[in-house]
Amino acid sequence: MDKIKNTARPMFPFTAIIGQEEMKLALILNVIDPKIGGVMIMGDRGTGKSTTIRAIADLLPEIEIVSDDLFNSHISDYDLMSDLTKQRIDKGISLSTELIKVPMIDLPLGATEDRLCGTIDIEKALSEGIKSFEPGLLAKANRGILYVDEVNLLDDHLVDILLDASASGWNIVEREGISIRHPARFVLVGSGNPEEGELRPQLLDRFGLHAEIRTVKDPYLRVKIVEQRSNFDRDPYTCIQNFQEQQDQLKHDIIVAQNQLSSVKIDYDLRVKISEICGALNIDGLRGDIVTNRAAKAFASYNGKDEVTINDVKQVIKLCLRHRLRKDPLDTIDSGSKVKQVVDDILGD
């Protein structure tokens, strides 16, 4: 209990969240394999979107970073290192490291491009010949989670920058002929209420997964959720302690799944079936095929398997494809019935 009380402000435990299984699964899969490409969570107000997203960040194991590094650089993985850290390692300079919690960065709706990407001090660069860079939110989010609440209200230009950085893993800032780049590997999580407007289909397609959440209708379940929240608000530390065992088990399962992911195989015939489904749904491009393959592997790894089965594909394919069906910006996102029908036809009931 004392150990729990010494942490930062108490966070509602991820394993204590009742319902919303689709959203929780989408977040877990992205944590296991960040290359899935993030998740867009759309649903009614007051359904626990923000609570769940912050809870998954709090659940994750600490990461090792190079001390005094502005970009949370990894000590040995070149893809997760800033250029300065690479230079120091190449010169044989010994670097100290420290453990930090996985960064959880919020992008406010009123943020500017400079706040997101960072800024170069042109005056210092011209007068002293020094590349002076003030990191933005993309730098702080490296190796963590970048959360955008009400992403459907964010300027399309900023959404484009976010998605480009998320896909490439790098952020490049160019001003007056001076260019600086740094790693920006993060899980992009967007949430919003469809009543306040949808993202353009071109932008929506670039989110790996799309989770829909609805207000719980069952009165008994609603009472249980309210009681759970009331107990946490009254005595958060006892609530956290009650779920500590489940939290530790889930954390262990995620670490094991991350480590085993590279060894998970997906049969050629099953990959053909996935592409057949994408073709039958008339999905543009190949993102749907790629994301479904990745998500199915992550799901299989999460369940302790080394080969993807038809059932693994069925569990994740709706998350991967439902938001890619839209051709007209005025269309609403299909709840998944069209995807399910085609999947059942091709993979069997």
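Using 0.36 nm per residue of separation minus the Cα-Cα distance, give me the extension gain between K101 and A167 in nm, one decimal.
Difference between extended and current length: 21.4 nm.
Nothing charged except the Cβ atoms of Lys and Arg (+1) and of Asp and Glu (-1): what's the magnitude of the dipole of the stretch 261-347 about its Cα centre? Round to the nearest 20 debye. All intermediate terms of the calculation are to be shown ahead of the outcome.
Details: 15 positive and 13 negative charges, 51 e Å.
Charge dipole, the stretch 261-347, about its Cα centre: 240 debye, nearest 20.
Check D284: other-chain or 5+ apart residues with amide H under 5 Å from its amide H, H built from backbone geometry?
Counting only residues 5 or more places away or on other chains, the set is empty.
Run the quick spin-label model on K251 and K265: label points 7 Å from Cα toward the beta carbon, then report their separation in nm to one decimal.
3.5 nm
Largest first and to the nearest Å, give the Cα extent of the stretch 101-253 along each principal axis.
66, 36, 28
Quick one: 3J(HN,Hα) in Hz for the stretch 79-85, Karplus 6.51/-1.76/1.60 with θ = phi - 60°, rounded, Gly and Pro as x.
With the stated coefficients, the stretch 79-85 comes to 5, 10, 10, 6, 4, 5, 5 Hz.
Counting alpha carbon pairs within less than 8 Å and at least 6 residues apart, what relative contact order, in whole percent, applies to the stretch 261-347?
It rounds to 34 percent for the stretch 261-347.
Can you give the calculated 222 nm mean residue ellipticity of the chain, where each DSSP H run of n ≥ 4 adds -39,500 (n - 2.57) and the sum is split over every residue, rounded to the nearest 500 deg cm²/dmol?
Dividing the helical sum by the residues of the chain leaves -13500 deg cm²/dmol.
How do F14, F71 rank when sorted from fewest to most other Cβ atoms within 10 Å of their own Cβ?
Going from least to most buried by this count: F14, F71.
So if I take the alpha carbon set of the chain, get Rg, then get Rh from the Kirkwood formula, what is the Rg over Rh ratio?
We get a ratio of 0.98 for the chain.
For G118, list long-range residues whose amide hydrogen, built 1.01 Å from N in the peptide plane, is under 5 Å from its own amide hydrogen.
Counting only residues 5 or more places away or on other chains, the set is G136, L137.
For every other residue with a beta carbon closer than 10 angstrom to the beta carbon of F186, add +1 if it is Lys or Arg and -1 if Asp or Glu, then tell me the sum.
Taking every other residue near F186 into account, the sum is +3.
By count of other Cβ within 10 Å, fewest leading, how are V189, V343 ordered?
Ascending number of Cβ neighbours within 10 Å: V343, V189.
Neighbouring Cβ atoms within 10 Å as the yardstick, rank K314, K101, K297 fewest first.
Working: K314 17, K101 14, K297 28.
Final ranking by Cβ density, sparse to dense: K101, K314, K297.
Using only the Cα atoms of the stretch 198-349, build the gyration tensor, take square roots of its eigenvalues as a ≥ b ≥ c, and label the shape rounded, prolate or oblate: rounded if a/c is under 1.5, else prolate if a/b is larger than b/c, else oblate.
Taking the square roots of the gyration eigenvalues as a ≥ b ≥ c, the stretch 198-349 is oblate.
For helix 337-347, what angle does its Cα long axis make with the longest principal axis of the chain, in degrees from 0 to 90 and rounded to 10?
80 degrees
Using the crude model of +1 on Lys and Arg Cβ and -1 on Asp and Glu Cβ, and no other charge, please compute the dipole size for the chain relative to its Cα centre, in debye to 20.
Roughly 580 debye for the chain.
Grab the alpha carbons of the stretch 4-162, take their convex hull, and tell me the volume per residue in Å³.
Details: hull volume 24.5 nm³, N = 159.
Output value, Cα hull per residue: 154 Å³.
Run the numbers for S94 and E196: contour at 0.36 nm per residue of separation, minus the present Cα-Cα distance, in nm.
Answer, rounded to one decimal: 31.6 nm.
Using the C-alpha atoms of the stretch 261-347, what convex hull volume per residue, in cubic angstrom, is computed?
Hull volume normalised by residue count: 86 Å³.
Coordinate-derived values only; no laboratory data. For clarity, every value in this text was computed on a predicted model and none was experimentally measured. A quick note on method: Cβ atoms are made from the backbone with ideal geometry, for glycine too, and the neighbour counts reach across all protein chains shown.
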